[in-house]
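Q: Here it is: the structure, laid out below.
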Amino acid sequence: MAFILPLTVQQLLTPLTKDQIRQMMVDALTTLGLQPNNWAPGGVASSLLTVASERLASLSTDVSAALSDQWNPTATGPGLELLSYYFYGNIPPQPTFASGFLTLTNTGGGLFSYGAGQALFASTVANSRGVFPTYYNSASFTLNPHQTLIIPITCTFVGTAGNSAPGFITQLITSMLGVVASNANPVLGADALPDDDLRQLNLDSIAKNSVFGPRSIYSYAIRTATNIVTGAPVNINRWSITTGSHIGDVTIYVCGPDGSTDSNDLAGAALNIENLARPEGITVGPNTVTIAGNTIGSPAAASTVTYSPGITIYVLAPKGTNATDVQTAALNGLDNFFASPANPIGGIIASDDTNTNFRGIFESGVTGVLAQAVATLPGCVLLSARFTGVSDVALLASQVAVTGITSSTLSVALQFQGA
């Protein structure tokens, strides 16, 4: 005979509503011979029942939340972060500031020199929250007359809200007469871990107690690594780990939101793997790095493959819709997709017969992202789901796709409703 649980965990943790509690009190009073259903609404006795049921419902919600936050599968938000820290010993990886590079071209005779953080720039295109991201120079620079210079920049606020597509950062908040600015590549950051990812991190952390070095411990070591110079959490949001080896080798590739990996982040990940994950007799490769005079196995930075087809999307839109708004939403959607774990190192493996043994970026995935982006605009829908130019791209296990799609290679064809 099969064992059947009388209640699910979710049912046990679901708080009672004020109506449910009031009815329970009414039923209890009725069994005592009273007639609460006949009490006048708004009267003293009826009002006391109402107030008591509301207070007890609030207490039920608090108790339910407190109990939920004791369980990894049901904890959420700040409660899950506290559970991660006090029970699993994890400090949840923090969000990162969008960072990248800005090209400054001095067309005049001025000389401009700034220390780190002294020059400010801004995107001329609002992000999905309606905010125009601003950035500062993360290293000092001197721009000579008639010189072109590439400088590192960092967003002034944290998370993906600071992301900008190529060509969006062109405004100089700090005045530099005769200087023009533009970012040739996306500027990208990462948000805090979603609850589901943090729950998985908690499960992965259990593996550090095992002498057998299960694969999840490598994932945990990478996610909790810190940059060996700054001490900040590594800006790594994707990794691939070999599924098995009969010769004692583990191959790991990593990358950050923009597809690249800072060398000091890579060294930090290698050190954490050495400290937490690598059992005796196992080699972690394919690269080696030297830390404090010791040469150890290191994960490698994934190599990038630029995905840059010419794309046209056809949209049915309300009259007055600006094609640039549709284009901006599409570019932001593509940037976020290519910078996220939804675009893994090595791509995804085909699940259909026509692409047998193919792995990489799929046309269906990109069109899905474009469709989502269009749907965020009021009244806009895909016109018969039409796209042109979207294609598949194959990836090796060591490669990750990055977007090279820009406003000049993505076109929008509008058809206005009622036209």
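The values are calculated or read from the model by the stated rules, or taken from the named source; none is laboratory data. Since the structure is predicted, the reported quantities are computational estimates derived from the model, not experimental observations. Glycine gets a Cβ as well: all are built from the backbone with ideal geometry, and neighbour counts include every protein chain shown.
Q: Please list, ordered by first then second residue, the pairs with beta carbon atoms under 9 Å, 6 or more apart or interchain, first in the stretch 117-146 and basic (Lys, Arg), second part of a strand (DSSP E or B) and at pLDDT below 95.
A: As it stands, the answer is none, since no pair meets every condition given.
Q: Filter the stretch 53-80 down to the residues that are assigned to a helix (DSSP H, G or I) and under 21 Å from residue 93 (Cβ atoms), then identify the one that is nearest to the chain's Cα centre (by Cα).
A: Pass one, the stretch 53-80, residues assigned to a helix (DSSP H, G or I): 53-68, 77-80.
Then drop every residue that is not under 21 Å from residue 93 (Cβ atoms), which leaves 77-80.
Working: 77: 15, 78: 18, 79: 20, 80: 18 Å.
In this case the residue turns out to be 77.
Q: So, one more: Taking the stretch 78-106 as the region of interest, how many residues are farther than 30 Å from residue 226 by Cα and surrounded by fewer than 13 Cβ atoms within 10 Å (Cβ to Cβ)? Let's see the steps before the verdict.
A: Here is the first cut: in the stretch 78-106, the ones farther than 30 Å from residue 226 by Cα are 104-106.
Okay, now just the ones that are also surrounded by fewer than 13 Cβ atoms within 10 Å (Cβ to Cβ), so none.
So the count comes out to 0.
Q: Do we have any residue at all in the stretch 304-313 that's surrounded by fewer than 15 Cβ atoms within 10 Å (Cβ to Cβ), outside any loop (DSSP other than H, G, I, E, B) and either touching a Leu at 6+ places or on another chain (Cβ under 9 Å) or at pLDDT 90 or above (or both)?
A: yes
Q: While we're here: With the condition being hydrophobic (A, V, I, L, M, F, W, C), over 20 Å from residue 328 (Cβ atoms) and touching a residue at least 24 places away in the same chain (Cβ under 8 Å), I'd like the strands (runs of 3 or more DSSP E) fully within the stretch 363-417 carrying at least 1 qualifying residues. Step through it out loud before you land on a result.
A: Values: elements: 381-388, 399-403, 410-416.
In the stretch 363-417, 399-403 are the strands (runs of 3 or more DSSP E) which contain 1 or more residues that are hydrophobic (A, V, I, L, M, F, W, C), over 20 Å from residue 328 (Cβ atoms) and touching a residue at least 24 places away in the same chain (Cβ under 8 Å).
Q: Now for a different question. Of everything in the stretch 166-199, what is within 15 Å of the chain's Cα centre (by Cα) and part of a strand (DSSP E or B)? Give them in sequence order.
A: Residues satisfying the conditions are 187, 188, 189, 190.
Q: Let me ask another. Taking the stretch 99-145, which residues are outside any loop (DSSP other than H, G, I, E, B) and of a type in the set (Val, Ile, Thr)? Can you show your working first?
A: Kept after step one, since they are outside any loop (DSSP other than H, G, I, E, B), are these residues of the stretch 99-145: 99-106, 112-114, 120-123, 134-137, 141-143.
Listed by number, the residues that qualify are 103, 105, 134, 142.
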